[in-house]
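Remarks on the structure that follows.
The values are calculated or read from the model by the stated rules, or taken from the named source; none is laboratory data. Since the model is a prediction, treat every value here as computed from it, not as a measurement. Positions of Cβ are generated from backbone atoms using ideal geometry, with glycine treated the same way; all protein chains shown enter the neighbour counts.
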Amino acid sequence: MRMDIDINNIIIKKMKKITNICCIGAGYVGGPTMAVIAQKCPEIEVNVVDINQQRINEWNNIDLDNLPIYEPGLKEVIAESRNRNLFFSTNVAKGIGEAEMIFISVNTPTKTYGKGKGMAADLKYIELCARQIAMVAKTDKIVVEKSTLPVRTAETIREILKNTGNGVNFQILSNPEFLAEGTAIADLYNADRVLIGGEQTSEGKIAMDALTEIYAHWLPRERILQTNVWSSELSKLTANAFLAQRISSINSLSALCEKTEANIEEVARAIGSDSRIGSKFLKSSVGFGGSCFQKDILNLVYICRNLGLNEVADYWEQVIIMNNYQKKRFADKIIATLFNTVSGKKIAFLGWAFKKDTNDTRETAAMYVADYLMDDLANIMVYDPKVKPEQMFADLNYLNTRNPEQNKAQLNTSTDPYDTSKDAHAIVILTEWDEFINYDWHKIFDSMMKPAFIFDGRNIMDREKLELIGFKYFGIGK
Ligand code: NAD
Ligand code: UGA
């Protein structure tokens with residue numbers, strides 16, 4: 001009992017009030033997350049630093065419609081706090097030096113080389129951050145893993161920081177981010193939970209409480225969960241694996257629906273009404289994309305295999321196999337329906353982003369479907385309200401199926417959906433942008449080659465209405 005009081009007194013005495021934060025990595029997570037922290041905690045100076053000069057310039061852009069990422073509500077948050085207590089800079093060393101708390105929010109892509117190629121997370125950017133913190137830090141720091149990391153990465157970071165020789169104390173926390181793109185600001189404002197993993201020592205507790213105080217500026221305390229570091233790291237991979245698993249599960253059944261005249265939307269509604277199952281993440285689609293689901297599951301699979309858990313690895317790998325199958329199945333259906341070839345035919349793509357309300361295209365299903373159709377010599381024209389043409393070509397070149405000149409010869413882009421659809425043999429909906437629903441579909445039909453096909457990879461269109469106009473409509477799982 002006495003012991004408890006003593007520890008509590010120490011904690012109260014040492015309660016750390018953070019006044020300066022640095023976030024390394026000004027990407028889809030670092031930018032919005034820090035913007036919201038700065039908005040909600042005006043007494044804290046927040047410096048977001050990145051080695052990418054162009055990205056930082058874009059974050060500092062006076063024209064708020066040209067920030068480096070598009071997120072509904074983001075520009076308003078930036079407008080409120082930028083240059084008040086939120087700063088974007090390439091001066092990484094200065095940011096680290098002045099901060100009491102450093103978030104690491106750099107990319108952790110799948111390794112493209114060497115050991116673990118195509119499976120493991122590439123932690124080189126994380127290691128570089130840790131080394132730079134070790135080199136620069138002259139005062140005690142709380143280092144927060146915001147990036148998604150393999151379980152036990154904190155150990156590696158600690159190992160690097162421990163050997164700085166500067167006599168500085170570091171506390172390492174895991175604080176994974178659960179926001180989804182397109183709803184990032186709403187997700188941050190109203191997070192279901194914030195997870196903070198830390199060392200189970202009094203110093204670890206002080207660090208966890210310091211971070212808890214930041215989130216408590218706008219979130220109820222009961223939603224801020226404290227765990228040990230390893231549980232926190234693993235929970236992030238697990239959450240993404242479970243979410244992606246639901247999409248692959250419903251997509252697998254969409255194939256069965258197409259063979260049996262069951263309707264996947266009706267099946268999803270029926271099972272989603274069971275409160276034990278729940279209705280979210282049961283939307284059948286052309287396949288999930290985005291920078292994280294695939295990367296994080298591959299990473300989970302890699303970790304399991306390395307630990308000799310082959311059955312566990314096989315189980316999760318199937319989520320990816322099913323997703324790849326869905327993208328290919330959709331492209332095959334287009335080719336088969338268009339009389340077994342799309343060679344020389346104009347195919348209009350509506351949407352390229354991996355989901356609506358974002359300009360992010362990483363792992364978007366659109367690029368894989370385009371690639372399959374281009375293999376069959378299709379001429380594709382793409383319209384997306386937020387994705388720039390150079391990004392679409394970069395995506396295709398990344399797939400490396402054909403050279404950049406060939407990609408340019410077979411894929412065109414347009415800023416007008418009507419121009420995109422003109423003379424097309426088929427329209428393919430790849431992203432669920434709301435604006436698609438309200439187009440003048442009579443006008444589109446009139447301008448197309450006949451029969452006019454529409455392949456709705458997102459099940460957003462009104463089938464009956466389109467069929468009345470004269471379209472031949474194909475959805476997913478219908
Ligand atoms: P991103 O690629 O958009 O941004 C990462 C940024 O880090 C880049 O701008 C890059 O230049 C910068 N960077 C890399 N190394 C650096 C270094 N040594 N010093 C300074 N800057 C450096 O990535 P993201 O989408 O923001 O994802 C970041 C992490 O968050 C990943 O681990 C990801 O898995 C995780 N995550 C992402 C999302 C999402 O919606 N995108 C959601 C939750 C978690
Ligand atoms: C996902 C998670 O939802 C976030 O919690 C997590 O923080 C993030 O990954 C991450 O770690 O990066 P995000 O990828 O941004 O967020 O977007 P989601 O809404 O999850 O959509 C992912 C993909 O699944 C999209 O292509 C989307 O169209 C697809 N999807 C989603 C479906 O096909 N059906 C659904 O029912 C839901």
Being in a helix (DSSP H, G or I) and more than 16 Å from ligand 1 (Cβ to nearest atom) is the filter here, so list the residues in region 270-302 that pass it.
Ala270, Ile271, Gly272
Could you please give the count of residues in region 181-204 that are among the small types (Gly, Ala, Ser) and touching a Ser or Thr at 6+ places or on another chain (Cβ under 9 Å)?
4
Screening Thr341, Thr364, Thr401, Thr337 for residues that are surrounded by fewer than 18 Cβ atoms within 10 Å (Cβ to Cβ), under 27 Å from the mean Cα position of the chain (by Cα), touching a residue at least 12 places away in the same chain (Cβ under 8 Å) and not assigned by TED's automatic domain parsing to the domain that holds Gly118 leaves only Thr401
So the helices (runs of 4 or more DSSP H) completely within region 338-441 holding 2 or more residues that are under 23 Å from Pro109 (Cα atoms) and away from ligand 2 (no atom under 16 Å from the Cβ) are 389-399
Test set (1) away from ligand 2 (no atom under 11 Å from the Cβ); (2) surrounded by fewer than 18 Cβ atoms within 10 Å (Cβ to Cβ); (3) without any contact (Cβ under 8 Å) to a residue 60 or more places away in the chain - Trp218 fails condition number
(3)
If you go through region 144-159 one residue at a time, do you hit one that is among the hydroxyl-bearing types (Ser, Thr, Tyr), within 16 Å of ligand 2 (Cβ to nearest atom), at pLDDT below 95 and under 18 Å from Ser231 (Cβ atoms)?
yes
Those residues of region 27-50 which are more than 16 Å from ligand 2 (Cβ to nearest atom) and more than 15 Å from Asp187 (Cβ to Cβ) amount to Ala38, Cys41, Pro42, Glu43, Ile44, Glu45, Val46, Asn47, Val48, Val49, Asp50
Every residue in region 169-187 that is within 11 Å of ligand 2 (Cβ to nearest atom) and assigned to a helix (DSSP H, G or I), please.
Ala184, Asp187
Considering only region 191-203, state which residues are touching a Leu at 6+ places or on another chain (Cβ under 8 Å) and not aliphatic (A, V, I, L, M).
Arg193, Gly197, Gly198
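So that you can scan it fast, the table gives a plain yes or no per residue for (1) of a type in the set (A, V, I, L, M, F, W, C); (2) farther than 25 Å from Asp423 by Cα; (3) within 16 Å of ligand 1 (Cβ to nearest atom):
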| residue | (1), (2), (3) |
| --- | --- |
| Leu309 | yes, yes, no |
| Tyr325 | no, yes, no |
| Ala353 | yes, no, yes |
| Asn359 | no, yes, yes |
| Thr364 | no, yes, yes |
| Leu373 | yes, no, no |
| Tyr383 | no, no, no |
| Lys386 | no, no, yes |
Give the number of residues within region 222-242 that are within 10 Å of ligand 2 (Cβ to nearest atom) and either crowded, with 18+ Cβ neighbours inside 10 Å or assigned by TED's automatic domain parsing to the domain that holds Ser147 (or both).
3
Determine, yes or no, whether Ile157 is over 30 Å from Asn60 (Cα atoms) and within 15 Å of ligand 1 (Cβ to nearest atom).
yes
Among the residues of region 133-147, the number that are part of a loop (DSSP other than H, G, I, E, B) and surrounded by 24 or more Cβ atoms within 10 Å (Cβ to Cβ) is 1
Looking at Asn412, Asn407 in this structure, which one is modelled with pLDDT of 95 or more, over 24 Å from the mean Cα position of the chain (by Cα) and buried (at least 19 other Cβ atoms within 10 Å of the Cβ)?
Asn407
Please indicate, with yes or no, whether at least one residue in region 303-310 is outside any helix (DSSP H, G or I), buried (at least 21 other Cβ atoms within 10 Å of the Cβ) and more than 19 Å from the chain's Cα centre (by Cα).
no
Going through region 183-198 one residue at a time, which ones are surrounded by fewer than 18 Cβ atoms within 10 Å (Cβ to Cβ) and touching a Lys or Arg at 6+ places or on another chain (Cβ under 8 Å)?
Asp192, Arg193
Only residues that are within 9 Å of ligand 2 (Cβ to nearest atom), among the hydroxyl-bearing types (Ser, Thr, Tyr) and out of contact with any Gly (no Cβ under 7 Å at 6 or more places or on another chain): list them for region 281-337, please.
Ser291
Of all residues in region 69-111, how many are more than 16 Å from ligand 2 (Cβ to nearest atom) and either in contact (Cβ under 8 Å) with a residue 60 or more places away in the chain or of a type in the set (Ser, Thr, Tyr) (or both)?
13
Could you please let me know if Ser202 is within 16 Å of ligand 2 (Cβ to nearest atom), touching a residue at least 24 places away in the same chain (Cβ under 8 Å) and more than 15 Å from Pro32 (Cα to Cα)?
no
Looking at Pro109, is it within 10 Å of ligand 1 (Cβ to nearest atom) and surrounded by fewer than 17 Cβ atoms within 10 Å (Cβ to Cβ)?
yes
Residue check for Ser421: buried (at least 19 other Cβ atoms within 10 Å of the Cβ), among the polar types (S, T, N, Q) and at negative phi
yes
